[in-house]
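Chemist: Sharing a structure below in structure tokens format, with a few things to ask.
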Amino acid sequence: MPLVELRRVTKRFGPIVAVEDVDLRVDDGEYVTVLGPSGCGKTTLIKMIAGIWAPTEGEVLVDGRDVVPVLLEDRDLGYVFQNIVLFPHLSVWKNATYSPWVRGLGEEEVSSIGKEVLRLVDLLDQSRFFPRELSGGAQQKAALARALANRAQLLILDEPLSALDSRVRLELRYQLRALVKDLGLTAIHVTHDQEEALSVADRVVVMRKGRIVEEGSPRELYRSPAHIFTSNFVGENNFLEGSIAKRADEWALVALRNQQYLWVPDGRHSVGRAVVLAWRPEYLDLRKGYSPNGLPGTVEGERFLGSELRYIVRLATEERVSVDVPLTHERFKVGEDTTVEFDYEKMLIYPRPYEGLEEALKLE
């Protein structure tokens, strides 16, 4: 079982730094997703693990062995690409058995491996089909079977579901995780889809501008992200900017824009410190009339989300927030005055970024 370690890995393409000073450890049997916006360096990272590119600096270790000098075909891994890569002139069976065949295994062993991997991805009945005769989801399953036929214990998945429609993506992501866990593989899965990352991973690694911003379990990164970029990129968040005006034990009075104030639980920040308060849309509520833990506002929009409604509210601070409420909630009309209530137990508070909030949240 492979243990993967990256030590101070950097990759430059001329003056462009794609990955900078990255340390990462993926344990035996762990399913890790690398999540980040387009251009953040996540694909470059896994291509260095796979051996497609060599790092400019740093070490890539598998089971304690430096694999930087080792060729891609000798790294004992399976790689599933973003764009479905199959030999169009070969059947599903010949695509799936290509790796053991070129390694010179005997006909009986090749046949055994082919049946095993196609059964795993539920394509044995379609083994005689050609790629053009399969749906997109079945094509990606065939590509996965070909990667598994290599008998590698390390599986690299580069945006493996992005070329599929939403319903197929939803079904295949859970099948993929179950397959990895049933086989006891180590998986590194790159995606820009936060829902996909949270639903399949044991641990999520968030990247931005070539660096790792934060890593943790899906639950940790959603409920208590340490970095303000993570709080906005993993899920959604509403942000209010202000400063600490007064302290009382473990509470702080935050002065917001337009002479609005909120008492919030906080024992970390001193008086005068500029801060940013954050709440997920589902941690806010709407009420008519005054609320001691709320701010007045005006409804500017309503969106139907299926099982809930989302209201867009402009607060008295001039900041807009999104509020998700159940369909049974009291209804509000566009233009109607309301009060947004804040769940203090679910609040996140951050020091105001030195570069400014907008810049700190930028995806590029």
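The values are calculated or read from the model by the stated rules, or taken from the named source; none is laboratory data. Here the structure is a predicted model, which means the values were calculated and not measured. Here Cβ is always computed from backbone atoms with ideal geometry, including for glycine, and neighbour counts include all displayed protein chains.
Chemist: Working carefully through the options G114, G104, find the one that is in a loop (DSSP other than H, G, I, E, B) and either more than 30 Å from K11 (Cβ to Cβ) or not assigned by TED's automatic domain parsing to the domain that holds R177 (or both).
Modeler: Only one candidate qualifies: G104.
Chemist: With the structure loaded, tell me whether G114 is farther than 16 Å from L172 by Cα, surrounded by 22 or more Cβ atoms within 10 Å (Cβ to Cβ) and not acidic (D, E) or whether it fails that test.
Modeler: yes
Yes/no matrix, rows are residues, columns are (1) under 32 Å from the mean Cα position of the chain (by Cα); (2) hydroxyl-bearing (S, T, Y):
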{"position": "G106", "(1), (2)": "no, no"}
{"position": "E109", "(1), (2)": "no, no"}
{"position": "I113", "(1), (2)": "no, no"}
{"position": "R132", "(1), (2)": "yes, no"}
{"position": "S135", "(1), (2)": "yes, yes"}
{"position": "A145", "(1), (2)": "yes, no"}
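A quick yes/no check of all residues on (1) in the same structural domain as A152 (by TED's automatic domain parsing); (2) out of contact with any strand residue (DSSP E or B) (no Cβ under 9 Å at 6 or more places or on another chain); (3) of a type in the set (D, E, K, R); (4) more than 16 Å from S217 (Cα to Cα):
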{"residue": "G14", "(1), (2), (3), (4)": "yes, yes, no, yes"}
{"residue": "V17", "(1), (2), (3), (4)": "yes, no, no, yes"}
{"residue": "E20", "(1), (2), (3), (4)": "yes, no, yes, yes"}
{"residue": "D23", "(1), (2), (3), (4)": "yes, no, yes, yes"}
{"residue": "V26", "(1), (2), (3), (4)": "yes, no, no, no"}
{"residue": "E30", "(1), (2), (3), (4)": "yes, no, yes, no"}
{"residue": "T33", "(1), (2), (3), (4)": "yes, no, no, no"}
{"residue": "C40", "(1), (2), (3), (4)": "yes, no, no, yes"}
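Chemist: Across the range 35-57, which residue is surrounded by the most Cβ atoms within 10 Å (Cβ to Cβ) among those that are assigned to a loop (DSSP other than H, G, I, E, B) and either within 17 Å of the chain's Cα centre (by Cα) or at pLDDT below 90 (or both)?
Modeler: G36
Chemist: Only residues that are in contact (Cβ under 8 Å) with a residue 24 or more places away in the chain and of a type in the set (D, E, K, R): list them for the range 15-41, please.
Modeler: Selection gives E20, D21, D23, D27, D28, E30.
Chemist: Just checking: which of the strands (runs of 3 or more DSSP E) contained wholly in the range 163-232 hold 3 or more residues that are in contact (Cβ under 8 Å) with a residue 12 or more places away in the chain, assigned by TED's automatic domain parsing to the domain that holds L277 and more than 27 Å from K11 (Cα to Cα)?
Modeler: none
Chemist: If I ask for residues that are at pLDDT below 95 and either in contact with a helix residue (DSSP H, G or I) (Cβ under 7 Å, 6 or more places away or on another chain) or part of a loop (DSSP other than H, G, I, E, B) (or both), which ones from the range 238-259 would you list?
Modeler: Answer for the range 238-259, where residues must be at pLDDT below 95 and either in contact with a helix residue (DSSP H, G or I) (Cβ under 7 Å, 6 or more places away or on another chain) or part of a loop (DSSP other than H, G, I, E, B) (or both): D249, E250.
Chemist: Which numbered condition trips up E319, out of (1) farther than 30 Å from T33 by Cβ; (2) in the same structural domain as S199 (by TED's automatic domain parsing)?
Modeler: (2)
Chemist: Then there is this: Only one residue in R310, R314, R303 is touching a Lys or Arg at 6+ places or on another chain (Cβ under 6 Å), closer than 13 Å to L240 by Cβ, assigned by TED's automatic domain parsing to the domain that holds E241 and not in a loop (DSSP other than H, G, I, E, B). Which one?
Modeler: Residue meeting the stated conditions: R314.
Quick grid of which residues meet (1) surrounded by fewer than 16 Cβ atoms within 10 Å (Cβ to Cβ); (2) modelled with pLDDT under 95:
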residue: A278; (1), (2): no, no
residue: D285; (1), (2): no, no
residue: K288; (1), (2): yes, yes
residue: R303; (1), (2): yes, no
residue: G306; (1), (2): yes, yes
residue: H329; (1), (2): yes, yes
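Chemist: Next question. Would you call L221 modelled with pLDDT of 95 or more and either more than 30 Å from W93 (Cα to Cα) or surrounded by 18 or more Cβ atoms within 10 Å (Cβ to Cβ) (or both)?
Modeler: In short, yes.
Chemist: Right, another one. L124: under 32 Å from the mean Cα position of the chain (by Cα), buried (at least 16 other Cβ atoms within 10 Å of the Cβ), at pLDDT below 90 and not β-branched (V, I, T), yes or no?
Modeler: Considered against the rule, which asks whether it is under 32 Å from the mean Cα position of the chain (by Cα), buried (at least 16 other Cβ atoms within 10 Å of the Cβ), at pLDDT below 90 and not β-branched (V, I, T), L124 comes out as no.
Chemist: Assess whether V60 counts as being modelled with pLDDT of 95 or more, among the aliphatic types (A, V, I, L, M), surrounded by 18 or more Cβ atoms within 10 Å (Cβ to Cβ) and not in a helix (DSSP H, G or I).
Modeler: yes
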